[in-house]
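The structure appears right after this line, and notes come after that.
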Amino acid sequence: MPKKRAYLQNKKLNHLAEGVVHNFNNLLSVIVSRATLLKTKVEDSHILSDLNIIQKAAQEASHVLRRLQKPRSKKSHVFGKKEWINLNELLSEVIEMTDPHFKNAIRLSLQFGMIPKIFVWATALREVFMNIILNAVDALSQNKEGVIIVQTEVQGKHLKISISDNGIGMSEATVKQLFKPYFTTKGQRGTGLGLMASYDIIQKHKGVLEVQSTPGMGATFIISLPLPKNCTQKKLQKIPVTAKRIMLVDDEKDYRESTAEFLSLEGYEVEQAQDAQEALQKLNHQKFDLILSDVKMPKLSGCELAQHVKSRHKGTKIILISGFGEPLNHTKMKALNIDGWLQKPCLFEDIAEVIRKTCH
Ligand SMILES: Nc1ncnc2c1ncn2[C@@H]1O[C@H](COP(=O)(O)OP(=O)(O)OP(=O)(O)O)[C@@H](O)[C@H]1O
Ligand SMILES: [Mg+2]
């Protein structure tokens, strides 16, 4: 293409991008301000937490947009401030943000290793992980037993993050084009800029982004980031090997809250539900590794919840806690097909032990 035409086309594109960014930013500020306003009007902790996510996601989106104005900028200041963070925490946040996109058929396996904090552009990395995870979700849209595995580990002088799916996979020709701008197989739904931007961001971190894939056999995206120079094995921050997601269902608020606190301290990600109906609602749009539920509850019992979980959410395990009035004999346990049970009153250590046996 003659130089002058290319220059004019580039100018036009920049102009167009600026207009889109401007309008989009206006819309995002409406979302941020409405979410902020709503936060002052509600008290329910679940709604507040959802609103925080909406607010944060919209703010992130506006940072991302700012970069669209300078897509090829060599300057890293467009990524915002660098900070020390633990990538396991950042990945958990991204998973929470992308959660509504997960269909029931997708199982998520988090295999977080012991990793140190590193000094990174967190907003930019969040965008990388979000794009790779959403690409995996798209690749799994036809798969009835979709799995996404997110792994982190220290390997030599690098921190390795790998995100795999067992989706449609890619041909060699597709892999070759992956990081090119505007390459997409999603038609109107994709811009084809996600992986190009991700590649750029990882390069700015002096890291490497690699892909392994076979058509029909899924894909694995591997990111290697350099560890801080003085990082020794001893300095690695201790965090649980797997951050399992547990939903605790009990109508007794005090008991539920103290048990939830204990489980959080044990390193689990804990969600609470005050009855089986609330639990079922959460199960519709969130993934859990385990449900820990009381048996006797108003409206729907723990046993009924167990039956529902076993028929609809195959990857989710369930442990029931029964009170004095409703002992669970072996016949009943077998009929319910539950993974474990406890008798009230039970010590926190007993709960931790049954969970370890069931989940690890
Ligand atoms: N996990 C995956 N499995 C199969 N194909 C993938 C996977 N990840 C990416 N791709 C392919 O790479 C293409 C480019 O991905 P990229 O993230 O850059 O853009 P996109 O997802 O199409 O659009 P967007 O800009 O909205 O992210 C996708 O359209 C898809 O064909
Ligand atoms: Mg994408």
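With +1 assigned to the C-beta of every Lys and Arg and -1 to the C-beta of every Asp and Glu, and no other charges, what is the dipole magnitude of segment 273-316 about the Cα centre in debye, to the nearest 20? Kindly include the intermediate steps, with their values, before the conclusion.
Working: 7 positive and 5 negative charges, 37 e Å.
So the dipole magnitude of segment 273-316 works out to roughly 180 debye.
So if each residue of separation counts as 0.36 nm, and I subtract the Cα-Cα distance between Tyr199 and Glu153, what length gain in nm does that give?
Extending this stretch completely gives an extra 14.5 nm.
So for each of 133-140, 144-151, 35-42, 80-87 I average, over its residues, the number of other beta carbons within 10 Å; can you give me the resulting order with the highest mean first?
On the way: 133-140: 20.6, 144-151: 17.2, 35-42: 12.1, 80-87: 14.4.
In descending order of packing, they fall as 133-140, 144-151, 80-87, 35-42.
Within a Cβ distance under 11 Å of Glu145, other residues only, what is the Lys/Arg minus Asp/Glu net charge? Spell out each step's value before the answer.
Details: positive: Arg107, Lys144, Lys314; negative: none.
Once all neighbours under 11 Å are counted, the net charge is +3.
Counting Lys +1, Arg +1, Asp -1, Glu -1, what net charge surrounds Ser162 among other residues with beta carbon under 12 Å of its beta carbon?
Values: positive: Lys160; negative: Glu153, Asp165, Glu210.
Spelling it out: positives minus negatives among the neighbours equals -2.
Is the C-alpha gyration tensor of segment 248-360 telling us rounded, prolate or oblate? Criteria: a/c under 1.5 is rounded; beyond that, a/b larger than b/c is prolate, otherwise oblate.
Values: a/c = 1.20, a/b = 1.07, b/c = 1.12.
Judged from the Cα gyration tensor, segment 248-360 comes out rounded (a/c under 1.5).
Measuring from label point to label point, each 7 Å out along Cα→Cβ, what is the Lys144 to Ile31 span in nm?
So the label points at Lys144 and Ile31 sit 3.5 nm apart.
Using a Förster radius of 30 Å, what is the FRET efficiency between Cys359 and Val175 based on their Cβ-Cβ separation? Nearest 0.05, please.
Numbers: r = 35 Å, r/R0 = 1.17.
Efficiency, rounded to the nearest 0.05: 0.30.
What is the distance, in nm, between label points placed 7 Å from the Cα along the Cα-to-Cβ direction at Lys229 and at Glu83?
Placing both labels 7 Å beyond Cα along the Cβ direction yields 2.5 nm.
Which value, in debye to the nearest 20, gives the size of the charge dipole of segment 245-359 about its Cα centre, when Lys and Arg are +1 and Asp and Glu are -1 at the Cβ?
Working: 16 positive and 19 negative charges, 141 e Å.
The calculation lands at about 680 debye.
Report the local net charge at Asn52: Lys and Arg +1, Asp and Glu -1, summed over other residues whose C-beta lies under 13 Å from its C-beta. Walk me through the numbers on the way to the answer.
Numbers: positive: Lys39, Lys56; negative: Asp44, Asp50, Glu60, Glu93, Glu96.
Net local charge, Asn52 excluded: -3.
Just so you know, all these numbers are worked out from the coordinates, no wet-lab data involved. Nothing here was measured: the structure is a model prediction, and the numbers come from that model. Here Cβ is always computed from backbone atoms with ideal geometry, including for glycine, and neighbour counts include all displayed protein chains.
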